[in-house]
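Data first, discussion second: the structure below is written as structure tokens.
The values are calculated or read from the model by the stated rules, or taken from the named source; none is laboratory data. Keep in mind it's a predicted model, so treat the numbers as computed, not measured. Cβ atoms come from the backbone with ideal geometry, glycine included; neighbour counts cover every protein chain shown. Side chains included, ligands, DNA and RNA excluded: accessible areas come from the protein's heavy atoms. Shrake-Rupley method; radii C 1.70, N 1.55, O 1.52, S 1.80 Å.
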Amino acid sequence: MGGSPVWDGTLSLDSFNTSAAALVKRWKEIEVDDSLPEWTWKPCSKSRVPLEVGGYLALERVYSSCGRSQEQIEEMEKFDDAGDVAWVESSSDNVHVYDFHVVYSFSYKVPVLYFRGYHTSGQLLTLDEVKEGLPSHSQKVLSESKWTFITQEEHPHLSKPWLTLHPCATSDWMKLLLEETKATDKERSLQYLPAWLSVVGQAVGLKIPLELHSNS
């Protein structure tokens, strides 16, 4: 009768914030592909919400090749930073840029991935263009998985339409992922976002380093 309650695979807001801070710190400590920028914490802009409480994780300006080599992508980033608009625009047909945001869902009590893709000119990609630009293994995950499907919803913090992976069954598969680790509640909270990202990242072609899961 006095046994510990069974964990249901969800995450409290405090635990989300703690796990997010740990992920940002850990990302800076490990070796990450040079093509990936850093995860950052974006404080909530809504009034009456303390900055340390409200916010979301962001990984922005991730370049994705559509028929180009990684070397060409890196060269393009250099020109982009230098402001060579003409060169960038001539290359935009085969290069897409993505922004990824991880937002806490108060309804499901789990993290939710919001993302958008656009051409280097700034024109947003359609859902079909996004799906066509995904790696083949990501397309396979989306087509075969019962829980992973893309919808378009209003970004909770930006009030603009973004694509999102629906979180309806997130707690179920997170429970399967972490309930056998025999970790304490605190350890499980810290492990939550890296483990979650390793799964949702596969669906959108986002590479998550294995080192992110190891202890610092």
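Points to keep in mind about this one:
- Residue within region 179-200 that is touching a helix residue (DSSP H, G or I) at 6+ places or on another chain (Cβ under 7 Å), open to solvent by less than 20 Å² (accessible area, probe 1.4 Å) and within 17 Å of V62 (Cβ to Cβ) present: no
- Residues that are closer than 25 Å to K25 by Cβ number at least 3 in the following helices (runs of 4 or more DSSP H) confined to region 107-196: 170-178.
- Filter pass, P167 being at pLDDT 85 or above, touching a strand residue (DSSP E or B) at 6+ places or on another chain (Cβ under 8 Å) and loosely packed, with under 15 Cβ neighbours inside 10 Å: no
- Filter result for the condition that a residue is modelled with pLDDT of 90 or more and either under 30 Å from S143 (Cα atoms) or surrounded by fewer than 20 Cβ atoms within 10 Å (Cβ to Cβ) (or both), over D80, D93, D99, D128: D99
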